[in-house]
Amino acid sequence: MDAYKCLICFSAMQGPVYQVSEMMFGSGERFAYTQCPECGTIQQLSPPTNMGSYYPAAYYSFTGLSRSTVPVRWMKKIRLVLYRASGLSLFRPVYENWLHHLAARESDQIADIGCGNGQLLYEMHASGYKHLSGFDPFLAEPLRVASGLELFKLELHQILGTFQVIMLHHAFEHMRDPDASFAKLASLLQPGGRLLIRVPVSDGEAWSIFREHWVQLDAPRHYFIPSVTGMERLARRYGLELFRTEFDSTSFQFWGSQRYRDGASLSDRNPSKIPSAEQMRDYEQRAKLLNQTQKGDQAAFYFRKPI
């Protein structure tokens, strides 16, 4: 253990080692993780050299892009206008809360890093956002989806240019080196630019309850799981202001982790492994309460680069 250092704070890793099984597809292959005693980051000790084989075609981010007809795209634009005018949740697109806190304008240069099939950017484009770029190294090929919306098959370190808004939705933890990755993200922001990183966090109650069965470990695809303290340290190190932290965990932290504890993969269709409606209501209520007390198992971190 003495040879391993925390990927975020660089302290010696001296805690217990957890053997975590690959359970999304149910291979059962095991990977060693431990937790930093200083900042709380959880990290994989000896990740695979070739991670590509753990992102098969069935991986959820690479299902086909669901395109809208012209009338539906028009309706999506109207929906966003109605929501901003009325504030009624009935009209709120799934992405509007994030873009509101990012102060994103339709004319901004916006990047989604780790974009998967690009569905989020496609929905934003349909609602009127004009300059959208998606980046993902596991895309089958680059794709110009529409005027003002392109997807690039690139690693983070290969991205050129700068952006006014950058988003990572559960992509940061898939990067081998969080320190170098955060430094690169900071360099891609224009002065005054905003960065959103949504990521699992080790501060949550789910980690305390489930340990090696916690669904968000997602071995071996997640190299690390940061703590809130770890994210704060990265922001200070690279000169960004962390201006908002919002916990947004869901019932998945419970039902997914319980499946893993019971030895069932996410791809297992056995009806006996599916929670009842009553259990799901309980899980959803617990997730809501944990978010309110900042003990959910994932959070959205909003950063700003000084002008």
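The values are calculated or read from the model by the stated rules, or taken from the named source; none is laboratory data. Because the structure is a prediction, the values reported are computed rather than measured. Virtual Cβ from ideal backbone geometry, glycine too; neighbours counted across all protein chains shown.
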Looking only at residues that are in a loop (DSSP other than H, G, I, E, B) and of a type in the set (Gly, Ala, Ser) in segment 264-280, which one is surrounded by the fewest Cβ atoms within 10 Å (Cβ to Cβ)? 276
If you check residue 206 against the conditions, is it crowded, with 23+ Cβ neighbours inside 10 Å and over 14 Å from the mean Cα position of the chain (by Cα)? yes
Check whether at least one residue in segment 283-290 is part of a loop (DSSP other than H, G, I, E, B), touching a Gly at 6+ places or on another chain (Cβ under 7 Å) and farther than 30 Å from residue 189 by Cα, and report yes or no. no
Unmet requirement for residue 230, which otherwise passes all of (1) more than 25 Å from residue 102 (Cβ to Cβ); (2) in a helix (DSSP H, G or I); (3) among the small types (Gly, Ala, Ser): (1)
Restricting to segment 157-174, what's the tally of residues that are under 21 Å from residue 304 (Cα atoms) and buried (at least 21 other Cβ atoms within 10 Å of the Cβ)? 9
A careful count of residues in segment 1-42 that are over 28 Å from residue 237 (Cβ atoms) and either free of Cβ contacts under 8 Å to residues at least 12 places away in the same chain or not hydrophobic (A, V, I, L, M, F, W, C) (or both) gives 8
Could you go through segment 133-153 and let me know if any residue there is surrounded by 15 or more Cβ atoms within 10 Å (Cβ to Cβ), among the β-branched types (Val, Ile, Thr) and either at pLDDT below 95 or over 21 Å from the mean Cα position of the chain (by Cα) (or both). yes
Would you call residue 124 crowded, with 19+ Cβ neighbours inside 10 Å and assigned to a helix (DSSP H, G or I)? yes
Residue that is farthest from residue 100 (Cα to Cα) [pool: residues in segment 162-214 that are outside any helix (DSSP H, G or I) and among the acidic types (Asp, Glu)]: 177
Among the listed residues 209, 225, 197, identify the single one that is of a type in the set (Val, Ile, Thr), within 16 Å of residue 300 (Cα to Cα) and touching a Ser or Thr at 6+ places or on another chain (Cβ under 8 Å). 225
Can you confirm whether residue 177 is crowded, with 19+ Cβ neighbours inside 10 Å, over 13 Å from the mean Cα position of the chain (by Cα) and within 28 Å of residue 26 (Cα to Cα)? no
Restricting segment 233-263 to residues that are over 14 Å from the mean Cα position of the chain (by Cα), part of a loop (DSSP other than H, G, I, E, B) and free of Cβ contacts under 8 Å to residues at least 60 places away in the same chain, which is nearest to residue 183 (Cα to Cα)? 238
